[in-house]
Amino acid sequence: MIIRPKTRGFVCITAHPQGCAAHVQEQIDVVLARGPIPGGPKKVLVLGASTGFGLASRIAAAFGSGAATFGVFFDRPSEEDRTATAGWYNTAAFHTAARKAGLYAQSINGDAFSDEIKRQTIEALQREVGPVDLIVYSLASPRRTHPRTGAVHKSCLKPIGASYTNKTVDTETGEVSEITIEPATEAEIADTVAVMGGEDWEMWINALDEAKLIAPGASTVAYSYVGPEVTWAVYKNGTIGMAKNDLDAAAKRINTTMRLNGYGRAFVSVNKALVTQASAAIPVVPLYISMLFKVMKERGLHEGCIEQIDRLYRTQMYGGNALTFDDAGRVHVDDWEMRPDVQAAVAALWSQVNTDNLSALTDFAGYRSDFLKLFGFGLDGIDYDAETDPHVELT
Ligand code: NAD
């Protein structure tokens, strides 16, 4: 079939297999160009490994320090006349590239929140990998079926306490308008914490610990976001922020477990705002990202997921470096985003932006192009007019 992007609001329902492979290769090339990561991880489990920060964590571990990687993710294979999801194609391409480089790469596609997928992962690690020295927790999901209660929790992106009105951009049309989001109910806050908080991370670490699959000196990291005040109502102080507070609390408990049992450490890394399938769904944030990209690119500070994780590994976690913690015990690679000069420039643009000047004042084009790249579109060297087989085996 001829595969073209079909966007519906903040998702694209098609993905291009060769385009996704080229996107994965671009990220591999970034890491290879920076050379080996001294003292980097050797056996890595990535939860949420098929897109965004999780995929970048996997690529940087494999191609930066020759790690064997095991990935868990939730993607859809192709059907008769329907493409697979991007994460499926990304993982197929990653497996091929890693194995070509002589590296072990295996994955499980299924619900990481379930006991069954934890059991399958543990069995595979016991059989094929042994204890891991890095566990990356990078799940971003709209829902979670709780493995004990069977309840289905749905996460939402809402403010707490009062409604919130701000500018937002329609990422399909480029129309800037005001959006008002009503505050979350107590139940919605609890549900979002159940999906995006730290309980499942802790369940994973406990299960791996019981199975003796954590190596001495191992690290585990989960990702968070704080961002500037303009997004706080819908992020840091909203439902997702409450879930991230829960993640911080889980990190402290997991860190204690890791230390008591003679492993290494658990911590949360606060990352930069980037275009991923998860962030595209958050109101206001795509407009903020469009401005942020403009300002950071002008200053030569722009990074994507791969540069962020590569920097986390090289300057914080490995290479003889020590982690630098903030007062809440988190590590930051959002430091360049949060630089006062960057934030002052974004704030100045925020007050002026409207539909007419969107292209001039922001990097909306960069946002759109990164969004399409997530699904394998707009990559150099791919013939998008060519007949393409959407069926790709994941072996
Ligand atoms: P993403 O949507 O690109 O990736 C999510 C991953 O989770 C995918 O691999 C998906 O397959 C997997 N997944 C979802 N539900 C699953 C399930 N039930 N079982 C197994 N796998 C499942 O998201 P992302 O933006 O890379 O987010 C990863 C983490 O980084 C999140 O905690 C997010 O809050 C955080 N973060 C994101 C940003 C940003 O701007 N995108 C910034 C800072 C921190």
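The values are calculated or read from the model by the stated rules, or taken from the named source; none is laboratory data. Remember, it's a predicted structure, so these values are computed and weren't measured experimentally. Virtual Cβ from ideal backbone geometry, glycine too; neighbours counted across all protein chains shown.
Taking the conditions exactly as written (under 27 Å from Ile3 (Cβ atoms), in a helix (DSSP H, G or I) and out of contact with any strand residue (DSSP E or B) (no Cβ under 8 Å at 6 or more places or on another chain)), does Thr91 satisfy them or not? Judged against the criteria, Thr91 is not a match. Restricting region 283-328 to residues that are small (Gly, Ala, Ser) and surrounded by 14 or more Cβ atoms within 10 Å (Cβ to Cβ) leaves a set whose member that is nearest to Pro36 (Cα to Cα) is Gly319.
On the stretch given as region 46-69, residues that are away from the ligand (no atom under 12 Å from the Cβ), buried (at least 24 other Cβ atoms within 10 Å of the Cβ) and part of a strand (DSSP E or B) total 1.
Every condition in (1) modelled with pLDDT of 95 or more; (2) surrounded by 13 or more Cβ atoms within 10 Å (Cβ to Cβ); (3) out of contact with any helix residue (DSSP H, G or I) (no Cβ under 6 Å at 6 or more places or on another chain); (4) closer than 30 Å to Leu372 by Cα holds for Ile179 except the one numbered (1).
Taking helices (runs of 4 or more DSSP H) that fall entirely within region 330-374, which contain at least 3 residues that are within 20 Å of Ile309 (Cβ to Cβ), within 23 Å of the chain's Cα centre (by Cα) and touching a residue at least 60 places away in the same chain (Cβ under 8 Å)? So that I can check it myself, show each step before the final result.
Details: elements: 340-352, 358-361, 364-373.
Those helices (runs of 4 or more DSSP H) span 364-373.
Within region 120-143, can you find the residues that are more than 17 Å from the chain's Cα centre (by Cα) and within 14 Å of the ligand (Cβ to nearest atom)?
Gln120, Thr121
Looking only at region 270-282, residues that are surrounded by fewer than 22 Cβ atoms within 10 Å (Cβ to Cβ) and farther than 18 Å from Lys373 by Cα come to 2 in all. Taking region 219-241 as the range and being among the small types (Gly, Ala, Ser) and more than 15 Å from Trp201 (Cα to Cα) as the test, the residues that pass are Gly227, Ala233, Gly238, Gly241.
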